[in-house]
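Only one structure is covered here, and it is reproduced in the block below.
Readers should treat all values here as calculations from the given coordinates under stated rules, not as data from a laboratory. Quantities reported herein were computed from a predicted structural model and do not represent experimental measurements. Here the Cβ is made from the backbone with ideal geometry for all residues, glycine too, and neighbour counts use every protein chain on show.
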Ligand SMILES: [Zn+2]
C-alpha cells in the first residue's frame, strides 16, 4: 500500500473577477485533479484553528496529522529544523525576512524575490554589524527572503523574548503602513532596535545598488516575526507505522516533515516559486514511492501567485501541478498496485487580498476503498457534493490512511 499527498500551497480561493467569476481551481484545466475528485472522496477541512493566524506553519502541521493546538510553537522553529540548526530548550528561533519597505509601507515581503546567494551576502553583513551592537543573536541564511535569527537565551538570565512577544507576518500586511505592525510585548523594543540596525546595514549595501541597477527592488529592511521555541511531536512512523518522505523547496514545509521523522528529498531545480521545476518534482515523487510508504510533494507556486495578486499565474501553476505532478504520480501509483492519493492545500490564499485566508480548504482523495463523489476538484463542487467536513483538519490524516 502506497500513499501520496500533493499540496498545492494556497490553491483554494474565491471567485475572481479576472477569471469571469470563477475560482482559480474552477478556471484551471486540471483533468487529473478532477479525476481524483470524481472517482474518490471530495471534502473540506479547517486546517487553521480560530486562535491562529492562517499560514502554512499551522496548516501544514494539521495536514500532516498533528493538532496545532497541541504541537505548534511558532513558524521559525520548524524552519530551523529543516536547516539542521541546533535549537536549545531556552532558545528562540525567529524568522528574518529580507523585505522592501518603501514610503513606510510593506511594499514587498520578498524583497523582489531576492536570490539565495544575494540573501546570504546580506545576512552575513547583518550578522557582522549587529553582533557588534547586540548579544545572544545569530543570523542564518535560508532560501531567498526566508532567513533565520536564533536568540540564544542564557541559563538563569533574563530572556529576550517571551509569551507576550507579538509579531506580524509581513505577507499579511501588503502595501500597509508598517508602523503599527512592529513587534510589541516582551522584547518588542529589542526586536525593533534589531530591525532598525538591520535596515541601516542594508540601506547602502553595494548589492542593493546592483539590484536597483538591474531593475529589482532592493532588500532594504529586515522583518522579524514567527518566533518560537523548539517543537516536539511524536514520530509519524510510531503513530502510523509508515515511512514518510517530503519533497518541498520551502524550509518550513520540509522542517515540518522532518519534525515528523520523514526523509527529506531535495530537488535541486525546485525554487519555491512560479518557475519551479514541476516535472522534476513529479519524478522525484514517483521515485520516492519505491522506498517510502507515504510521499508528500509540496508546491509553493499557487500561494506565491496569490500573494502577487495574479489570477492568471495561479491558474497556470495549478495546471502545471496537474499535468506534471498529479497525472504522472497517479499513473505510477496505479501501476504499482494498492494506493491512496490525497490532494489538499494547506490553507487558502486569496488573489483579491494577496493574503492567506482562514476559510476551509477543499481536498480530494482517491484510491482503495473510496466511493466516487462524482464532483470536480474545486471549492464550489466540494461544497455541493456535501462530502466530509473536518472541523479539526488534523483528523484528515486518519481518514486518508487505511488502518490495518
Ligand atoms: Zn503564503
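Rg then Dmax, both in Å and based on the Cα atoms of the chain: 20.8, 63. Placing R0 at 35 angstrom, the Cβ-Cβ distance between residue 164 and residue 103 gives a FRET efficiency of 0.70 after rounding to 0.05. Counted over the chain, the DSSP beta bridges are approximately 65% antiparallel. Between the Cα long axis of helix 311-321 and the first principal axis of the chain there is an angle of about 60°, rounded to the nearest 10. The angle between the Cα long axis of helix 116-131 and the main principal axis of the chain comes to about 40°, on a 0 to 90 degree scale. With a Förster radius of 30 Å applied to the C-beta separation of residue 134 and residue 214, the computed FRET efficiency comes to 0.40.
What the Cα convex hull of the range 254-380 gives, in volume per residue, is 127 Å³.
Distance from the Cα centroid of the range 56-120 to that of the range 236-297 is 18 Å (rounded to whole angstrom). With Cα atoms as the point set, the range 143-286 shows a radius of gyration and Dmax of 19.1, 54 Å. Subtracting the Cα-Cα distance of residue 116 and residue 331 from their residue separation scaled by 0.36 nm leaves 73.9 nm.
In the range 211-284, one over the average inverse separation of all distinct C-alpha pairs is 15.2 Å, which is the Kirkwood hydrodynamic radius. Modelled label positions at residue 291 and residue 403, each set 7 Å beyond Cα in the direction of Cβ, lie 3.1 nm from each other. Extension gain, residue 204 to residue 18: 0.36 nm times the residue separation minus the Cα-Cα distance gives 63.0 nm. Largest first and in whole Å, the equivalent-ellipsoid semi-axes of the range 91-214 read 24, 18, 12, each the square root of five times a Cα gyration tensor eigenvalue. Rounded to the nearest 0.05, what FRET efficiency do residue 124 and residue 371 have when you use their Cβ-Cβ distance and R0 = 41 Å? E between residue 124 and residue 371, to the nearest 0.05, is 0.15. Each distinct pair of alpha carbons in the range 272-344 adds a 1/r term; the inverse of their mean, the Kirkwood radius, is 12.8 Å. Residues considered: 48, 143, 233. Largest GNM mean-square fluctuation over the chain, using C-alpha springs under 10 Å, is found at 233. Take the convex hull of the alpha carbons in the range 1-123; its mean projected area over all directions comes to 12.7 nm².
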